[in-house]
Amino acid sequence: MKSKIKFLTAAVIASLAFATACTDNNNDNNDDSTLKGEIPTGTVLTGNITENVTLTRDSRYKLSGGLHVKAGATLRIEPGVEIEAVDDDASDYILIEQGAMIDAQGTATDPIVMTSELKQTGAWGGIHICGRAHTNAGTGVLSEIGNAPYGGDNDADNSGTLRYIRLEYTGFALDEEHEANGISFYGVGNGTTVEYIQAYKGSDDGFEFFGGSVNVRHMVVTDCTDDSFDWTEGWNGRGQFLVAYQSGDVECDCLMECDNNGNNFAATPVAHPVLSNLTLVGDNSQNNTRGIRLRAGTQAEIYNAIITGKEKCITLETTQTEQALKDGTSKLNNIAMSSALDSENGIYTAEMFAAAEGNSTDYVNSLTKEYVGTLAGGATPDDAFFTRADYKGAVSADDDWTAGWTL
């Protein structure tokens, strides 16, 4: 992991603009702070983007330090682009600030790959997106990496499109309290499109949601050593076809860690995502035994899930979280898992879970190719966001949507 000193170095670098590894730069503007248009392959990306920029199809770029996309500018990344964080003294990350946009659209056969020269967890800082949707963390809040403001009252805010992207070896830690994920969604609105994204071998979370209302589809987290999915500060988006896979090669924590607000369990808006068609496979760790950890006042609706590989597939904590399940505000339906539900306070009990629609606690892992396979029985949520998929699990054997673009 990189040190705080290295992060401060990046802050100095971030006062600059793009540095380029090419002597042949077709952009005639000699002021680096106004680089715009198509950026040549081989360019080292760093500093601030203040005008629209395009990283062109199948090109290769380096990333050194923080790359901040400023309000009014769009970072466009075409299919097949590779961005590689350099192994140097900078903390490398991409940050989309409030009012800026990212348009990163790969394809199943030509995904966008963001990786690192150093092929190990925690090598760089991933993507950070700051929107103007809600957070229940108060006002004046800043992103953990990059110190950019986020939050507001526009839950329809649009930060752009991310599609067919693989993020490798993320999870840079500034210190014990400030860590990067594959993608960190800070108050991101539901006008943003996020689908077909993989976080691969990161040292913190795969995807973390700090408030906001962003919806996600077709997400894969592979061997991220903290939590695969994480939410806090009132996230209330939708999600469908979500995969978390822990191979056992490294020690990993929760498959999902789910908070409303760790400092105020009753903070509003209350976190209440609606999730359907999940396959969550743990590493059978004897140290990190929790699968889905619902706590800190969060509400949630989770449907059509397969959960295995953890001693405690679902754990419940805090009275607010358990009461919401008991009174029906939250729901856990059509879930097949390999253990009984674990309830800290006994407000919503294992017996209540077992009696709910379509639930079972004796699932024996029958998945193929790590996470492929579904179980009969399920009901698609009555919400226009969701694709009809009346089965448990995320990846059916006859439609492996992860093939070709994931590791």
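Of the residues making up segment 253-297, those that are under 26 Å from Tyr391 (Cβ atoms) and in contact with a helix residue (DSSP H, G or I) (Cβ under 9 Å, 6 or more places away or on another chain) are Cys258, His272, Leu294.
For segment 157-190, which residues satisfy the criterion of being under 17 Å from Ile102 (Cβ atoms), open to solvent by 30 Å² or more (accessible area, probe 1.4 Å) and more than 15 Å from the chain's Cα centre (by Cα)? Don't jump to the end; show me each part of the working.
The initial filter retains those residues of segment 157-190 that are under 17 Å from Ile102 (Cβ atoms), namely 157-167, 170, 180-190.
Next cut, open to solvent by 30 Å² or more (accessible area, probe 1.4 Å) only: 158, 163-164, 166, 190.
Correct list: Asn158 only.
Would you pick out the residues in segment 145-173 that are aliphatic (A, V, I, L, M) and within 14 Å of Ile127 (Cβ to Cβ)? Across segment 145-173, the qualifying residues are Ile145, Ala148, Leu162, Ile165, Leu167.
Comparison of Asp92, Asp58, Asp31 shows that the only residue that is at pLDDT 50 or above, open to solvent by 60 Å² or more (accessible area, probe 1.4 Å) and acidic (Asp, Glu) is Asp58. Among residues that are touching a His at 6+ places or on another chain (Cβ under 7 Å), at negative phi, open to solvent by 20 Å² or more (accessible area, probe 1.4 Å) and modelled with pLDDT of 95 or more, Gln323 is not included. The one condition from (1) open to solvent by 10 Å² or more (accessible area, probe 1.4 Å); (2) part of a loop (DSSP other than H, G, I, E, B); (3) touching a residue at least 40 places away in the same chain (Cβ under 8 Å); (4) in contact with a Gly (Cβ under 6 Å, 6 or more places away or on another chain) that Thr107 does not meet is (4).
In summary, Leu332 fulfils each of the numbered conditions (1) more than 20 Å from Val221 (Cα to Cα); (2) in contact with a Phe, Trp or Tyr (Cβ under 9 Å, 6 or more places away or on another chain); (3) aliphatic (A, V, I, L, M); (4) surrounded by fewer than 24 Cβ atoms within 10 Å (Cβ to Cβ) with the single exception of condition (4).
With surrounded by fewer than 24 Cβ atoms within 10 Å (Cβ to Cβ) and closer than 20 Å to Tyr371 by Cβ as the only criterion, which of Asp153, Asp223, Asp227 stands out?
Values: Asp153 fails: closer than 20 Å to Tyr371 by Cβ; Asp227 fails: surrounded by fewer than 24 Cβ atoms within 10 Å (Cβ to Cβ).
From the options Asp153, Asp223, Asp227, the qualifying one is Asp223.
Kindly indicate whether Ala296 is aliphatic (A, V, I, L, M) and open to solvent by 40 Å² or more (accessible area, probe 1.4 Å). Full working, then the answer.
Working: aliphatic (A, V, I, L, M): yes; open to solvent by 40 Å² or more (accessible area, probe 1.4 Å): no.
Considered against the rule, which asks whether it is aliphatic (A, V, I, L, M) and open to solvent by 40 Å² or more (accessible area, probe 1.4 Å), Ala296 comes out as no.
Residues in segment 345-384 that are more than 17 Å from Ile302 (Cα to Cα) and in contact with a Leu (Cβ under 6 Å, 6 or more places away or on another chain): Gly373 only. For Tyr164, the conditions (1) over 26 Å from Thr225 (Cα atoms); (2) hydroxyl-bearing (Ser, Thr, Tyr); (3) touching a residue at least 60 places away in the same chain (Cβ under 8 Å) are fulfilled apart from (1). Taken over segment 201-253, residues that are of a type in the set (S, T, N, Q), out of contact with any Gly (no Cβ under 7 Å at 6 or more places or on another chain) and in a strand (DSSP E or B) amount to 2.
The values are calculated or read from the model by the stated rules, or taken from the named source; none is laboratory data. Values in this document were obtained by computation on a predicted structure and should not be read as measured data. Glycine gets a Cβ as well: all are built from the backbone with ideal geometry, and neighbour counts include every protein chain shown. These area figures cover heavy atoms from the full protein model, side chains too; ligands, DNA and RNA do not enter into them. Shrake-Rupley method; radii C 1.70, N 1.55, O 1.52, S 1.80 Å.
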